[in-house]
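The values are calculated or read from the model by the stated rules, or taken from the named source; none is laboratory data. All of these numbers come straight from a predicted model, not from anything done at the bench. Glycine gets a Cβ as well: all are built from the backbone with ideal geometry, and neighbour counts include every protein chain shown. Heads up: the accessible areas ignore ligands, DNA and RNA and are worked out on the full protein's heavy atoms, side chains in. Shrake-Rupley method; radii C 1.70, N 1.55, O 1.52, S 1.80 Å.
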Amino acid sequence: MQPIDSTKVPYKTLYNGTRIPVIGLGTFGSDNYDAETIARAVKTAITMGYRHIDCASVYGNEKKIGAVLQEVFAEGIVTREELWITSKVWNDKHKEVVESCKQSLADLQLDYLDLYLVHWPFPNFHAPKCDVTARQPNSVPYIHADYMKTWVQMESLVQSGLVKNIGTSNVTIPKMKLILRDCNIKPAVNEMEIHPHFQQPELYQFMKDNGVEVIGYSPIGSPGRPERDKTPEDTVDMEDPIIVAIAERLKMHPAVVCLKWAVQRGQITIPFSVKTDKMYNNLKGITEGPLTAEEMEAVSNIDKQCRLIKGQVFLWESAKGWEDLWDLDGLIAG
Ligand SMILES: NC(=O)c1ccc[n+]([C@@H]2O[C@H](COP(=O)([O-])OP(=O)(O)OC[C@H]3O[C@@H](n4cnc5c(N)ncnc54)[C@H](OP(=O)(O)O)[C@@H]3O)[C@@H](O)[C@H]2O)c1
């Protein structure tokens with residue numbers, strides 16, 4: 001396997017001038033793969049040219065990833081400064097952000113993070129692998145005053161140098177409007193679900209218009225997502241005839257077409273895989289020729305508004321359904 005020249009991977013520039021590689025490796029796979037397997041994949045990815053890794057404390061593998069990061073530094077494959085490492089504070093630590101960040105740093109064996117995100121705008125805990133109907137009695141809707149208390153702690157991490165950039169995840173337009181109004185340090189990114197069948201054009205444009213970069217998660221349509229996140233209505237991006245036709249023209253897997261579309265549209269993409277050939281094809285695909293304007297237009301027309309990561313397990317007792325998490329009518333539910 002010939003490593004891919006990482007200088008061929010494009011970057012996005014955040015509002016503060018920091019540059020972030022447009023493709024990173026996702027590391028959420030605990031329903032299908034153990035932490036050691038995912039950590040080994042991180043090492044393989046960095047060795048083949050990935051420079052951006054999307055971590056989170058709740059993924060349960062930061063300790064193992066920390067060990068392989070030490071290996072890649074010791075073996076001279078890459079320096080700390082050449083890597084972009086993201087982590088996220090989990091829902092049950094919204095009041096202990098600094099402690100949570102320090103724990104991630106200790107587990108990852110790093111002295112700073114490039115990006116730290118508030119994983120969800122709800123402080124609602126759910127047990128790992130819990131049933132989709134599970135509702136924790138102390139779950140609450142979005143409470144802006146509480147979110148800002150969390151955000152102030154996020155800002156302190158930048159001030160103390162533990163974190164270079166901070167951002168949000170799973171935030172909607174009405175929530176982001178309030179955050180932008182009340183923050184001292186503006187979120188550098190919002191991490192949100194985006195794939196061809198779920199393009200979120202309004203939210204995407206709102207972020208871009210406000211100088212907040214977009215990281216698109218589940219870019220391939222998350223075929224390995226937990227069972228609790230699957231419903232009979234879900235569609236499959238990789239089987240869409242438009243995606244398949246482009247894949248045939250380019251002689252590449254439909255998954256790679258989804259990633260090429262993502263980057264060409266303008267978002268940062270973080271596909272997950274532990275398979276060397278898939279990781280390789282994903283990175284290589286990003287460094288190769290573009291989709292045509294007609295193909296980009298055709299993909300923009302296959303949006304099915306099919307949200308896959310619905311977040312049911314974060315619902316509070318009085319919530320009507322998962323739609324309440326996403327402010328579909330422009331108002332914050334609850
Ligand atoms: N902020 C958030 O709330 C949030 C939520 C969800 C996800 N994320 C992040 O986003 C990352 C990616 O999302 P995701 O894991 O849900 O879904 P995804 O990246 O859309 O899909 C991953 C799946 O696609 C398969 N795959 C990858 N490359 C492929 C290729 N070239 N050909 C065929 N199949 C391919 C993988 O197969 P194999 O299993 O065979 O490798 C894996 O099962 C996560 O790992 C996590 O870091 C963040």
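Of a type in the set (Phe, Trp, Tyr), surrounded by 18 or more Cβ atoms within 10 Å (Cβ to Cβ), in contact with a Pro (Cβ under 6 Å, 6 or more places away or on another chain) and touching a residue at least 40 places away in the same chain (Cβ under 8 Å): which single residue out of Tyr142, Tyr116 fits that description? If you could, list the steps in order and put the result at the bottom.
Working: Tyr116 fails: in contact with a Pro (Cβ under 6 Å, 6 or more places away or on another chain).
Going through Tyr142, Tyr116 in turn, just one is of a type in the set (Phe, Trp, Tyr), surrounded by 18 or more Cβ atoms within 10 Å (Cβ to Cβ), in contact with a Pro (Cβ under 6 Å, 6 or more places away or on another chain) and touching a residue at least 40 places away in the same chain (Cβ under 8 Å): Tyr142.
So Glu155 fits all but one of (1) in contact (Cβ under 8 Å) with a residue 40 or more places away in the chain; (2) more than 15 Å from the ligand (Cβ to nearest atom); (3) farther than 27 Å from Gly29 by Cα; what number is the exception?
The single condition Glu155 does not satisfy is (1).
Would you point out the residue of the range 214-228, among those that are at pLDDT 90 or above and more than 21 Å from Met252 (Cβ to Cβ), that is farthest from the ligand (Cβ to nearest atom)? Spell out the reasoning first.
From the range 214-228, those at pLDDT 90 or above are 214-225; that's our starting set.
Then drop every residue that is not more than 21 Å from Met252 (Cβ to Cβ), which leaves 214-215, 217, 225.
Details: Val214: 12, Ile215: 8, Tyr217: 3, Arg225: 5 Å.
Filtering first and then ranking leaves Val214.
Answer yes if at least one residue in the range 234-241 is near the ligand (Cβ under 10 Å from one of its atoms), touching a residue at least 24 places away in the same chain (Cβ under 8 Å) and under 27 Å from Phe314 (Cβ atoms), and no otherwise. Give the derivation first.
In the first step, residues of the range 234-241 are kept if they are near the ligand (Cβ under 10 Å from one of its atoms); the result is 237-238.
Still in the list and also touching a residue at least 24 places away in the same chain (Cβ under 8 Å): 237.
Next, only the ones that are under 27 Å from Phe314 (Cβ atoms) stay: 237.
For the range 234-241, residues near the ligand (Cβ under 10 Å from one of its atoms), touching a residue at least 24 places away in the same chain (Cβ under 8 Å) and under 27 Å from Phe314 (Cβ atoms): present.
Please indicate, with yes or no, whether at least one residue in the range 185-194 is away from the ligand (no atom under 13 Å from the Cβ), of a type in the set (Gly, Ala, Ser) and at pLDDT 95 or above.
Within the range 185-194 (the criterion being away from the ligand (no atom under 13 Å from the Cβ), of a type in the set (Gly, Ala, Ser) and at pLDDT 95 or above), the answer is yes, since at least one residue qualifies.
Any idea how many residues of the range 179-216 are more than 19 Å from Ser87 (Cα to Cα), of a type outside the set (Val, Ile, Thr) and without any contact (Cβ under 8 Å) to a residue 60 or more places away in the chain?
Final tally of qualifying residues: 14.
Could you check the range 214-234 and list, in sequence order, the residues that are touching a helix residue (DSSP H, G or I) at 6+ places or on another chain (Cβ under 8 Å) and either within 21 Å of Gly285 (Cβ to Cβ) or among the β-branched types (Val, Ile, Thr) (or both)?
Val214, Gly216, Pro219, Ile220, Gly221, Ser222, Pro223
Might you check whether a residue that is of a type in the set (Ser, Thr, Tyr) and touching a strand residue (DSSP E or B) at 6+ places or on another chain (Cβ under 7 Å) occurs anywhere in the range 63-80?
Scanning the range 63-80 turns up no residue that is of a type in the set (Ser, Thr, Tyr) and touching a strand residue (DSSP E or B) at 6+ places or on another chain (Cβ under 7 Å).
Just need a number here: residues in the range 173-193 that are surrounded by fewer than 23 Cβ atoms within 10 Å (Cβ to Cβ), of a type in the set (Val, Ile, Thr) and not in a helix (DSSP H, G or I).
Looking only at that region, the number is 1.
For the range 254-329, give me every one of the helices (runs of 4 or more DSSP H) that falls completely inside it and has 3 or more residues that are open to solvent by 50 Å² or more (accessible area, probe 1.4 Å). Can you show your working first?
Working: elements: 254-265, 276-287, 293-300.
Output list reads 276-287, 293-300.
Give me the residue from the range 119-139 that is of a type in the set (S, T, N, Q) and buried (at least 16 other Cβ atoms within 10 Å of the Cβ) and, out of that set, modelled with the lowest pLDDT. First the steps, then the outcome.
Taking the range 119-139 as the starting set, the residues that turn out to be of a type in the set (S, T, N, Q) are 124, 133, 136, 138-139.
Checking the rest, the ones that are also buried (at least 16 other Cβ atoms within 10 Å of the Cβ) come to 124, 136, 139.
On the way: Asn124: 92, Gln136: 82, Ser139: 94.
Taking the candidates together, the pick is Gln136.
What number of residues within the range 318-334 are touching a helix residue (DSSP H, G or I) at 6+ places or on another chain (Cβ under 8 Å) and among the charged types (D, E, K, R)?
Residues that pass the stated criteria total 1.
Out of (1) of a type in the set (Phe, Trp, Tyr); (2) open to solvent by 50 Å² or more (accessible area, probe 1.4 Å); (3) part of a helix (DSSP H, G or I), what's the single condition that is false for Tyr147?
(2)
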